[in-house]
Each structure stands twice: as structure tokens, then as C-alpha cells.
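Participant: Dumping the structure here so I can ask a few things about it.
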Amino acid sequence: MSTAIAVEALTVGFGDFIAIRDLSFHADYGTVRGVIGPNGAGKTTLLDVLTGKSRPRRGRVLLDGTIDLAPLDEVARALAGIGRKFQKPSVFEALSVWDNLDLALRLHRRSLLREVFAPAAAKAAPIAALLETIGLTALRDQAAGTLSHGQKQWLEIGMVLVQEPKLLLLDEPVAGMSEEETAHTAALLHRLRAPGRSIVVVEHDMDFVEQVADAVSVLHEGRTLFEGSMAEARGNAQVIEVYIGR
Amino acid sequence: MIGGAAASLRICRLGLVIWGALMCLVLSGGRADAAAYDRARLIGQLCSAEASDVLHGLNGMLAEAPGGSLADGRWALGVAQAFSAKALRCGPDGHGFLALPSGEVDAVSLAPAAAPADSRAPLPSLRARRVLEQVDAALRVFVAAKAADRLDAVRTLARHSEGVPANLAQTALAGEHDPEVARALRAWLVEAGLHAPDVAARLAAIAALGGDARAQTANQLMSLRADPAYAADPRVAAALDAAIAHVRFWLRIGDALSLLYNGLSAGSVLFMSAAGLAIIFGLMGVINLAQGEFIMIGAYVTFSVQQTLGAFAPSWIAWYPLVAVPVVFLLTGAVGVVVEVAVIRHLYRRPLMTLLATWAISLLLINLVRVTFGTQNLQFRTPPYLTGGVRVVGDFLVTWNHLFAIGFALLAFAATQALLRLTDLGLFIRAVTQNRAMAGCVGVSTRRIDMAAFGFGAGLAGLGGLALSPIYNVNPTMGTGFIIDSFMVVVLGGVGSLFGTALAALGIGLVNVGIEPFYGAVAAKVIALLMIILLIQWRPEGLIPALGRR
Amino acid sequence: MKGEGSTWLAAGLLSLLLVLLPLLGFGLLPGLALPIYAVNLAGQVMCFALLAMAVDLMWGGAGVLSLGHGLFFAFGGYLCAMHLLRSAYAATHKLPDFLLFMGHGGFPSWWRLADSAPLTLLAVLVLPALLAFAFGYVSFRSRVNGVYFSIITQALTYTAMLLMFRNDTGFGGNNGMTGFHAIAGLPAGGLAAAVLLASLSTAAVLAALLGGRALLASRFGRLLRAIRDDEPRLRFLGYDTLWLKLAAWCASATLAAIAGMLYVPQVGIINPSLLDPTLSLEIAVWVAIGGRGGLTGAILGAVLVNVLKFWLSAAAPTLWPFVLALLVLLVVLALPNGLLDLRNRSRAWLLELAPASLPRRRPAR
């Protein structure tokens, strides 16, 4: 198990407000890492820093243990293999389900020109396969804006998946989903596990995290409070104090 | 010609005044103390048939003018004026008599005495008249009671200074109390000193000129440097160079201050227009292209207030800029509220469409005003306290109308800051600016805040129109020039910080004013735009970015 | 891709106009003839339609509103005017007045580049795009977008206007450049030139419509729409949107420059009024009134507003600004996507009248 992403002594702030304070965190290939914590613990901010949306004040973020991500913008990070599903479903509402996936699937990461002029046929097979996986084949020509909330979540997961990311970041993937949809998503996550992929799930639904994650990090006020298995976390007095107990 | 006639009439009247003073002296008997003049000899010379004698006598009077006592001066002045008024009667023996309105007196003793029947009234020759005029002025410098008379005399002497004794101005200055007359004397001294043969006098005059920094002085000194007579003496040349350097230094300081002042006034107007724009942009993400038209409306309301006062309370008309303040703010604000309620609020989340809608509103407002008031510039009756100014240093003039705009903007800044920081409305505006959804959740009526803020921004722009009505041409399209500059201010200053807006307004005002004289107004605009594009590269959120998550 | 029907309708009408212009202009159909000014007017309106399409490509396509397209329009126009003046000089050996006023004994030497028609055409295709590239690069790179971008483009054209108003800039100052002698060998102001130019303009609109539709339907067009919907999301998918926007922006600028090149010989003069921010704003207004995103709306808006303007400015000049302002407010408030919305609306109303009324949905913005 090699380290996919490592965060060292990270501090992030906005004005006077410190969102993350001296945080260290890592996630390994072949595993699913859960990140939990109360609102304002810095979970989404952590993902923002990993994807390049926010800039840290201090600390380092290393991909594969060697690549310092600091000089890379969000585009370069996406091309380097970091995929993210946002908390609020972010799909292109004016485009069809198929076109959303067509844009997400990159055949030529090094050349935008070749990507733009890549024949549609070259993308057809992988997109069709993925549509099966996320169960949206029947809706392929429908505008993404007309999908239900759960369907949008899956479409976005599909868009991230089709990027074949090394590091898959999921921000509250089951928020607002029915129990059935949640179970469906959990099954989907199990299938996504791969030796060359590291998955980080930020989620409030603890049962879901226990179901999918190998290990969890509990964040509190911008710091790591606990690292270990979900079962241990449930028994940890501090965790109960700040999070579970309330 | 008419002007000349009037001037000579004035001099006549002055003469009569002195004439009257002399009469008083005569009636009071006078005091014959230590005579500087040999009165009898002088009268003899004036009564001489030889033209050279007369001139000699007059030149003597001129030379003695600074030396004599007050009584002597008055006597001499009386004689000179009598001579020029043909009131000097000369007996055949060379005795002189003065024909005063009250009767004839002996010219030397001033005791009543009738002139012999065969006495004549000599007519001063043309040359004598010229000297006589100088004598008259030279004496008046010392004896005239009124400062205005003395000033007139000094100016006359400065115009015709040949033959005037060198120590006259200096002596007069020593006894002079009126500052204006003293200034005129000093200027004359300097002028005289510049042409004095004496090197020390020249040096002193050059130094004195150097102390008075004006563009006019600099030109005067420069023309002297071109004069070979001055270049010949190394001491004079060095003094000239030093004086020119000194004058130029202070002129430059004055110019820099003028620039700063004009920039400050341009920035003040920009601030008034941009502050509302920035608040509205921060709050609603909307750029109001009709902001310039709110300025225009403010100016037109000011004009209407002036006209109303003129019709119903003419005694108050000088105070129309102050009376207009609440009227302008409320009326322009009301227009803003109507615009917000009728149009802007329906376009929430469609900022680009709002841009077009506000443009349509500006088109509407311009043409409404055009139809009702016409296209010509409005004629404001600028009150006396807003005209003119005071010279500070160099050619830097603090003009009251610009000072009015600057003071107005300062007050507007303070009032806006107070509104934003101290009132509930300000708290709500700041809350909605930072996070509209959250503010809505905790019970802030975002719609009412939008409306109030829009009205406030419009009212502020209207006050801008009031502040610049004594400076700019007021016509229906006056607002169109403001929107681009105002937006530049918002870009530069960042959103959500009134301080940033003020700073940016001053910066852009200074850049515009500062570049204009050297490279022209167009270059100023080009450079300002380029600077802003560059600044966006470096700090996309403006000089003072708003805090908070976005 | 929505609006296929209107595209074909518009293409059909444009083709018809293309056929009718020479037929009616030269009076080849018995009893039916267009006066020269009508031919000329049609040509001018077509240039405005092309200009509106250029703005729509960016606004409807990528959600980026330019309020400065008058700059590229004028750029193309000035280049064309330079060529026409040079060829007039070659024929008559008379220097244009503005050069005489400036005390020049001849054209500045670099004007010779405008002697060749192909070279001028190349300049029209390349130089405005280069300017657009430089400006777009610094703006898009620093993530200037939305209202910010719109106003900065407006400031840009405003600055250019001030620059061209100066006599010593060398392009005729506020009087502009006029006195064209011949256009492609045909006497300027003659019927043949008018028909040729109007037909060329119509053909350009037709070509731009078909080409533009193809572009918008391609993956490039989808990427532009993705930028309009959610640009940051597209960046997180690994697309450097800077280059996508720049490509569309430069293409849009070129289209505007072509429109300007065709426009100037038809009006016979160019002056800095084309750079007036008001013109650039009006272009956006045409697009807003016609409807964004499908190019046909842009054509519709440009044609409607300009025909109305030509008619009203002659019939009731003081009324025109009021009509325009109220039209804008009406469209912006009631028809969020322009007149093309009317069709969808009327369909919706018909459905509502039916007994089983459908749930009402606000139209997408």
C-alpha cells in the first residue's frame, strides 16, 4: 500500500478565520478513506486544497509521495489524476447526460486541440459502459438539468470516474439520497476500489462511511482528532464528545 | 478713449481732495518748521520765464520729495497742484501767489495776499507737465491720507520712474502701514533695483524676485538672463540662476500641490459616483449603467431648487447648494428606488441582462430630461462664496468650488461609513453583501435591503451631481462620461470596502489629472485602463479585497 | 441542439434574399424593382446581423458578454477604408482631405500595405483577432468574467474611440475617412457596387449562420456551453478554459471585423462613432431582443431593431430612444430569452388552455 496523497502541517485561512490548523493527513492506494467531523471542521476546505481551489498558508501537499502540488492549478491537478465530486451536484445542466460524460472523458490529456477534435466514436464505448455502471443508460439523451437529485449525484460520480482518477475525492456523495439510492451508491463505491486508486469520502452519514471506508479521519476545528477504523472511532471518548455524542 | 477720460477725471478728483487738504492747512495757518525747501527760490524758479528754470525747480521738488517734513510735503503738493491747475500767479518781481477758492494767498508764507493785477498764470510746458505729474505722485506717496491715493501714486511713479530719487520708495516703505501700498512699493523697488546700475541693488532685487514664486516672476527672471547686461557680471548671473532655481522649485511645489488638489477634486467627484456603484455591485452583483444619469438628475434637481428659490425666496438664493442637499438626496434616491422596484429586482441572478436594462433606463432618463429641459447647458448662479479662491504657494490656487466638491465628498464618505458601520441598515447591507442566502435565513429582508441600498446609492450619486454643478457643464448627457471611470474605481478598489473605493477614486482622479497635462486626456485614459488591466493581473480582487468565503 | 427549425428557416430566407437582391436590384423581374437605397439598407442590416452573431457566439455560446465589439467592427472598417483610399489615390492621384489637413504631402509609407486587396483581407482576418487575443489573454487568464469583463470591453472601445478622435492618430480624426472611388472596380455609390456588397453581406451572414451552427453543435460548442453553465467545474475536469474562451473570442472578433469591412464601403465613410460604447451596447441589445444562443435570434434582433431604427429615426427622431429603451425593458423583464421565447411561450399558453394543464416551469435563463 503506497501513499497516494499526503498532507503535511497544513494551515488554511480566510482573513482572520483559520479553517485548517496544522493538519496532517494521508490516503493510500487501494483503500477508501472516510473523513468525518462536525460542520466547520474543515472537511470541504481540505478537499478544496487538494484540488487547488484554495491555497494553503503553510504546509505541503504531495501526490504519490513525491509530486508537490503547490505550483499546479486545478486544471493541472485534474490532469494529474485528481477527480472530485462536489458537495452540491455540479453537472452541466444545459447538456445531455451523454454530453456531460463526453466532456468528462479525456482521451488526450496533453493536447486540448486533439481533445476537441477527437471523433465522437472513439468515446462511445467507454461512455456506454459507464452509463451502465451508473444506471443512467435510459436517460442518456436527457438534459442533465432535468435529472432528479440522486441521478445528478450519480452522473457526477460517473463524470469523475470516466476521468480514471488516481485520487477520487467524494464530497458527501449520498447527501439527500434515499436509503435505496444510498445502498446503490455504496455498492458502486465497492466496485470502484482498485489497487491503483485511492478514494477519499467526506460524509456525514456514519453508517455509510462504516460500510465503505477502510479507515477514517475525524476532523475537529481544523485538526485531526482521530485516525483509525470506524469501529474504534465510535468507541473513542473524544470523538463521542465532539461529534457522535451530540 | 472713454477709459482715459475717466482716469483723468479720477486724477482731477484726487487733486481736488488734496486741494481741500491744502486749504485746511492754509486755514489752520500751517507750521513753518525747518524748511527743506527754499520756498522763495522754488517759487522764483517756477515763475521764471525760462523753461529750463522751471524744469530745474520741478526736478528739485522731485528730488526733495522724500526728504521733507509732512508740512513741507503738503505745501509743495499744494504748489505743484496749483501750478498744474494754472492757479499759480506770478507777479512781475518773481513773487508767487496761489489762487485758492477762498482767496489768494502768498505762495511762500501762505498769508492772504492779493496778487498784483499784472501777475500772470504760467502754463506748464509739456515736459514740465510730465515732471509735474511725477512730483504730484511722489508727494502724494508721503502726504496723501487715503491708502488708495498712495497706491495710485506709487503705481504712477512705477510707470514713470525716470528721475525719481532712488531713495524715495525705500523712505516711503519705512513709513508705510498699509500692506497693499507696501507691496506695491516693494514691487516697484524690485523693478527699479533690477535696472539699477548698482550691482548690490540688482542683487537685492533679484533675491527679492526669487522670493515671490509665480510663473510671471519666472518669465521675468528668464528674460533678464537673456539680457547681455546681466550675463556680463558673474555675480549677477549667479544670483539670477539661484533666483530662477528658487522660483522654479516653489513653482514646482505649487504645481504639484495644484495637481494634488485637482486630482483630489476629480477623485472626490469620482468617489461620489463610484461609492453607490460599489455598494450596489457588492450587494447585488449588478453594475448600474444608469449611475451617471443619477448624477445628472442630481444636478438638475439642484438647478430646480435654485430656480424655485429664485422665484419664491430670492433672499435665500445664495444658499441654494445647501438647501438642495436634502432635496437632491431624497428625490434622486426616490428615482433609484423606483428603478429598483420596477426593474432591477426582477432580474436578480441575471447580471448581464441587468446591465442592458440599466442601460435602457439611462437612455430613458437622458431623453426624458432632454425633452423637458432641452439639450443646452444649464446656467447656474454660482454663489459668491463658491467663486474665486486663495493663492497658497507658487501658482497654486485653492478654488472654493473645488474645495466645496472635496468637502462634500468627505462628508459623503463619513456619512456612508457611518451608515454602513453604525446603523441597522448598514449591518444588513454588509450581511447581505457577504452572504445573501445566510442573511436571508436569519430573517433579513434582502429585498428591502436591496431597495434601500439602491436608493441610497442613487441618492449619493445625486449629491455628486450637486457637488459638481459649480464645476462641470450640466446637460442631459453629462452622466455618460462617468460610468466607465466609476467602474474602473470599483475594479481598482475592490468590492465591499468603502475605503478601497475612496482610495481608488483618488488614485484614478490623480492619474487622470496627473497625466493629462503631459500627454493629453486621451493618453490619461489609455494609461489608466492599461494600469487597471495590469492590476487585475496582479490582484484580481482589487486593492482592498473583501474578506470572506466566495 | 435546439432551434434546428429556425436555423433552416433563417437559412432559407437568407438564400432567398441572396437570389432576390440582384434580381430586384437590377430590375430583372418585370414590374418589380428595389430602389438603390433599399438594396443598400439591406446590405447594412446584414452587416449588423453578422455583428450580432459575433456577439451571440460569445454571449449565447460561452456566457461571455462583450460590450466592446464595436472595436473589432471599426478595426475591420478602418482597414477596408485604408484599402479603398489607396485605390482611390491610385486612380485619381488626389490625396484625401484629412491628410492635407494634417499637412502631409502623401500617405505614410506603411499604408502601401493596404494597396493589395488580398493583403487587406488577410489583415482583416488576422489583426483584429490578434488584438482580441492580447486583450482576451490578459483578461481570461486573470479570471475576469461576467459583468467585469463586459465593462472592461466597454472601457476598451471607449478608449479606442478617444484615440481615434484625435487628428494626430492619423486616421482622419473625428471627420473620419471618406471619398472612396471604386469598390472592386465598380464605381462607389453605384447600383452595381450596392448590389454586390449587399449580396456579399448576405452571403457572409448565411455562411456564418451555417458555420456557427456547426461549431456550436460540435464538441467545441458543447465545451463553450459547459463554460457558460459552470466554468470552474470544467476546469476541475482538466480543461484549461482560457484557450477555449480565447478561441471563441478571437473567432467572434474576426466575424465582427468582417462585418465592419463589408459595412464601411456601403455607408461610404468611417469615423470613430463606430467605437462609441453606445453602438457596442446596442449590439448586445439586438441579441437580447432576438434571443441568445442560437444565432438565428441574433439575426432576427439585428434586422428588427435596425429596420425599426431606420424607419423611426426618419419618422419620429425624438421617439426612437424611448421606443428602444422600452423595448429593451420589455424584453429583459418579460421575455428572458428574447423574441424567440415568444414561440415557446405561445406553445406553453396553448398547453395551459388545454384541460390537463402542465406544471408551469420558469424558462431556463
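Participant: Which angle between 0 and 90 degrees, to the nearest 10, do you get for helix B:51-64 versus the longest principal axis of chain B when only C-alpha atoms count?
Facilitator: 60 degrees
Participant: Neighbouring Cβ atoms within 10 Å as the yardstick, rank A:ASP207, A:ASP64 fewest first. Before the final figure, lay out the partial values.
Facilitator: Numbers: A:ASP207 12, A:ASP64 16.
The most exposed by this proxy come first: A:ASP207, A:ASP64.
Participant: If you count the DSSP beta bridges with both ends in the protein assembly as shown, what percent of them are antiparallel, to the nearest 5?
Facilitator: Working: 39 of 56 bridges.
If I count the DSSP bridges inside the protein assembly as shown, around 70 percent turn out antiparallel.
Participant: Moving on. Give me the percent relative contact order of the stretch B:201-328, please, defined on Cα pairs under 8 angstrom at least 6 residues apart.
Facilitator: Numbers: 78 pairs, mean separation 21.9, N = 128.
Contact order relative to length: 17 percent.
Participant: If N is the number of residues in chain C, what value comes out of its Cα radius of gyration divided by 2.2 N^0.38 Å? Don't skip to the end; give the middle numbers.
Facilitator: Values: Rg = 21.4 Å, N = 365, 2.2 N^0.38 = 20.7 Å.
That ratio works out to 1.04.
Participant: How far apart, in nanometres, would the label points at C:SER218 and A:SER229 be if each is projected 7 angstrom from Cα along the Cα-to-Cβ direction?
Facilitator: 5.6 nm
Participant: Sticking with this one: Take the Cα of B:SER445, step 7 Å along the line toward its Cβ, and report every residue of the stretch B:321-357 whose backbone nitrogen sits under 18 Å from that point.
Facilitator: Counting only backbone N, you get B:334, B:337-346.
Participant: Just list whichever of B:LYS525/C:LYS94; A:LYS43/C:LYS245; A:LYS53/B:LYS525; A:LYS123/C:LYS245 have alpha carbons separated by over 26 Å in the model shown. Let's see the in-between values first.
Facilitator: Working: B:LYS525/C:LYS94 36 Å; A:LYS43/C:LYS245 33 Å; A:LYS53/B:LYS525 35 Å; A:LYS123/C:LYS245 23 Å.
Correct reply: B:LYS525/C:LYS94; A:LYS43/C:LYS245; A:LYS53/B:LYS525.
Participant: Can you give the relative contact order of chain C as a percent, counting alpha carbon pairs under 8 Å and 6+ residues apart? Before the final figure, lay out the partial values.
Facilitator: On the way: 531 pairs, mean separation 114.2, N = 365.
Reported as a whole number, the value is 31 percent.
Participant: Based on other C-beta atoms within 10 Å, arrange B:LEU240, B:LEU123, C:LEU125 from fewest to most. Display every interim value, and only then the final one.
Facilitator: Details: B:LEU240 23, B:LEU123 10, C:LEU125 15.
Fewest-to-most Cβ neighbours within 10 Å comes out as B:LEU123, C:LEU125, B:LEU240.
Participant: Going by Cα centres, the stretch A:187-215 and the stretch C:125-166 are how many Å apart?
Facilitator: So the two Cα centres are separated by 48 Å.
Participant: While we're on this one: Pull out the extension gain between A:SER111 and A:ALA70, defined as 0.36 nm times the separation in residues minus the alpha carbon to alpha carbon distance; nm, one decimal.
Facilitator: Working: separation 41, 0.36 × 41 = 14.76 nm, distance 2.26 nm.
Fully extending the segment from A:SER111 to A:ALA70 adds 12.5 nm.
Participant: Loop sites only, by DSSP: take the GluC sites (Glu not before Pro) in chain B that have at most 11 other C-beta atoms within 10 Å and name the longest stretch containing none of them. Intermediate values should be presented prior to the final figure.
Facilitator: On the way: sites that count: B:GLU50, B:GLU162.
Result, exposed sites excluded: B:163-550.
Participant: Please work out how much length the chain gains when fully extended from C:TRP243 to C:THR278, using 0.36 nm per residue of separation minus the C-alpha to C-alpha distance, in nm with one decimal. Could you put the intermediate results ahead of the total?
Facilitator: Details: separation 35, 0.36 × 35 = 12.60 nm, distance 2.91 nm.
Result for the pair: 9.7 nm of gain on full extension.
Participant: Turning to a different aspect of this structure: Taking the square root of 5 times each eigenvalue of the Cα gyration tensor, what semi-axes in Å does the equivalent ellipsoid of the protein assembly as shown have, largest first? Could the numbers behind the result be given before it?
Facilitator: Values: eigenvalues 1354, 317, 158 Å².
So the equivalent ellipsoid measures 82, 40, 28 Å along its semi-axes.
Participant: What whole-number distance in Å separates the alpha-carbon centres of the stretch B:394-463 and the stretch C:1-64?
Facilitator: Cα centroid of the stretch B:394-463 versus Cα centroid of the stretch C:1-64: 49 Å apart.
Participant: Moving to a separate point now. B:LEU100's amide H: which non-local residues (gap 5+, or another chain) put their own amide H closer than 5 Å, with H modeled 1.01 Å from N in plane and none for Pro or chain starts?
Facilitator: Residues meeting the amide H criterion: B:VAL105.
Participant: Collect residues whose amide H, placed 1.01 Å from N in the peptide plane, falls under 5 Å from the amide H of A:SER229; neighbours closer than 5 in sequence don't count.
Facilitator: A:VAL216
Participant: Using the Cα centre as the reference, give the magnitude of the dipole from point charges on the C-beta atoms of the stretch C:4-279 (Lys, Arg: +1; Asp, Glu: -1; all else neutral), rounded to the nearest 20 debye. Walk me through the numbers on the way to the answer.
Facilitator: Numbers: 14 positive and 10 negative charges, 98 e Å.
I would put it at about 480 debye.
Participant: For A:ALA4, what residues show an amide H to amide H distance below 5 Å, using hydrogens built from the backbone and excluding near sequence neighbours?
Facilitator: For A:ALA4, whose amide H was placed from the backbone, the distant partners under 5 Å are A:ALA27, A:ASP28, A:TYR29.
Participant: As I understand it, the dipole of chain C uses +1 on the Cβ of Lys and Arg and -1 on the Cβ of Asp and Glu, about the Cα centre. Which of C:GLY338, C:ALA208, C:ALA348 lies farthest toward its positive end?
Facilitator: Value computed over the given set: C:ALA348.
Participant: OK, next. Counting Lys and Arg as +1 and Asp and Glu as -1, each charge on the Cβ, what is the dipole of the stretch A:148-199 about the Cα centre in debye, to the nearest 20? Walk me through the numbers on the way to the answer.
Facilitator: Numbers: 5 positive and 7 negative charges, 66 e Å.
Once rounded to the nearest 20, the dipole reads 320 debye.
Participant: Which three extents, in whole angstrom, do the alpha-carbon atoms of the stretch B:266-480 cover along their principal axes, largest first?
Facilitator: Projected onto its principal axes, the Cα set of the stretch B:266-480 covers 55, 41, 34 Å.
Participant: Oh, and also: Counting only other chains, what is the mean number of Cβ atoms within 10 angstrom of the Cβ of each residue in peptide C:315-325?
Facilitator: On the way: counts 0, 0, 0, 3, 1, 2, 8, 5, 0, 4, 11.
Per-residue shielding by partner chains comes out at 3.
Participant: Show me the chymotrypsin sites (Phe, Trp or Tyr not before Pro) within the stretch B:319-423 that DSSP assigns to loop and that have at most 10 other Cβ atoms within 10 Å of their Cβ.
Facilitator: Working: sites: B:TRP319, B:PHE329, B:TYR348, B:TRP359, B:PHE373, B:PHE380, B:TYR385, B:PHE396, B:TRP400, B:PHE404, B:PHE408, B:PHE413; in loops: B:TYR348, B:PHE380.
Sparse-neighbourhood loop chymotrypsin sites (Phe, Trp or Tyr not before Pro): none present.
Participant: Right, next: Would you mind getting me the FRET efficiency between A:ALA129 and C:ALA38? Use the beta-carbon distance for r and R0 = 56 Å, nearest 0.05. Before the final figure, lay out each step's value.
Facilitator: Details: r = 60 Å, r/R0 = 1.06.
So the FRET efficiency works out to roughly 0.40.
Participant: Explain nothing, just the number: dipole magnitude of the stretch B:325-460 about its Cα centre with +1 on each Lys and Arg Cβ and -1 on each Asp and Glu Cβ, in debye rounded to the nearest 20. Each step should come with its number before you reach the end.
Facilitator: On the way: 11 positive and 4 negative charges, 63 e Å.
Dipole of the stretch B:325-460, to the nearest 20 debye: 300 debye.
Participant: Now for a separate question. Under a point spin-label approximation (7 Å from Cα along Cα-to-Cβ), what is the A:HIS204-C:THR318 distance to one decimal in nm?
Facilitator: The modelled label-to-label distance comes out at 6.3 nm.
Participant: May I ask you to derive the FRET efficiency for B:LYS146 and B:ASN473 from their Cβ-Cβ distance with R0 = 51 Å, giving the value to the nearest 0.05?
Facilitator: Details: r = 44 Å, r/R0 = 0.86.
After rounding, the FRET efficiency stands at 0.70.
Participant: Report the convex hull volume per residue for chain A, counting only C-alpha atoms, in Å³. Each step should come with its number before you reach the end.
Facilitator: Numbers: hull volume 32.7 nm³, N = 246.
Per-residue hull volume (Cα only) is 133 Å³.
Participant: If you rank A:HIS190, A:HIS26 by fewest surrounding Cβ atoms within 10 Å, what's the result? Don't jump to the answer; show the numbers that get you there.
Facilitator: Values: A:HIS190 11, A:HIS26 16.
So the ranking, lowest neighbour count to highest, is A:HIS190, A:HIS26.
Participant: Which helices count as membrane-span-like in chain C under these terms: full DSSP H, at least 15 Å along the axis by C-alpha, Kyte-Doolittle mean of -0.5 or more?
Facilitator: Numbers: long enough: C:4-25 (31 Å, 1.65); C:36-62 (39 Å, 1.49); C:69-92 (34 Å, 0.87); C:117-141 (35 Å, 1.83); C:146-165 (29 Å, 1.41); C:191-217 (39 Å, 1.96); C:219-236 (18 Å, -0.90); C:241-267 (39 Å, 1.27); C:277-290 (20 Å, 1.48); C:296-315 (28 Å, 1.58); C:319-334 (22 Å, 2.96); C:340-353 (21 Å, -0.35).
Membrane-span-like by this rule: C:4-25, C:36-62, C:69-92, C:117-141, C:146-165, C:191-217, C:241-267, C:277-290, C:296-315, C:319-334, C:340-353.
Participant: Against the 2.2 N^0.38 Å scaling, with N counting residues, where does chain B land? I'd like the Cα-based Rg ratio to two decimal places. Show your work: numbers first, answer last.
Facilitator: Details: Rg = 35.5 Å, N = 550, 2.2 N^0.38 = 24.2 Å.
Cα Rg divided by the expected 2.2 N^0.38 Å: 1.47.
Only the coordinates and a few stated rules stand behind these numbers; no lab work does. All figures in this text were calculated on a predicted structure; none of them were measured in a lab. Positions of Cβ are generated from backbone atoms using ideal geometry, with glycine treated the same way; all protein chains shown enter the neighbour counts.
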